[in-house]
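Accompanying notes for the structure given below.
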Amino acid sequence: DRIKITPIAGAVTVTDFSDVGNNYGLVYAPEISYRPMDNAELSLGTRFIEGSDNTIFGQLKENDEVYVKVKYSF
């Protein structure tokens, strides 16, 4: 209840199914979250981006990232 692990998350795009090898893009975005108390959440995650240059994800493949998110609701 306090720790949430999301090992499989992301997105896939294919712009031409007749030539998938040259027209694909994907984002893999695992995340782990911890709720130390009610209304507070700390998250650590990453986004790995890959794909051919014909897709939006492929154009961003050099922009992999690691992030920390702090959320508090009141």
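Tell me, which strands (runs of 3 or more DSSP E) wholly within region 19-74 include 1 or more residues that are loosely packed, with under 12 Cβ neighbours inside 10 Å and touching an Asp or Glu at 6+ places or on another chain (Cβ under 6 Å)?
65-72
What is the residue count in region 34-74 for residues that are in contact with a Gly (Cβ under 7 Å, 6 or more places away or on another chain) and of a type in the set (Phe, Trp, Tyr)?
Residues that pass the stated criteria total 2.
Which members of region 35-56 meet the condition of being touching a Phe, Trp or Tyr at 6+ places or on another chain (Cβ under 9 Å) and at pLDDT below 90?
Matches in region 35-56: 54, 55.
Consider residue 25 against the criteria (1) at pLDDT 95 or above; (2) within 16 Å of the chain's Cα centre (by Cα); (3) of a type outside the set (Ser, Thr, Tyr): it satisfies all of them except one. Which criterion is unmet?
Only one criterion is unmet by residue 25, namely (1).
The values are calculated or read from the model by the stated rules, or taken from the named source; none is laboratory data. Treat the numbers as computed from the prediction; the structure is a model and nothing was measured. In this analysis, Cβ positions are derived from the backbone assuming ideal geometry, glycine residues included, and neighbour counts consider all displayed protein chains.
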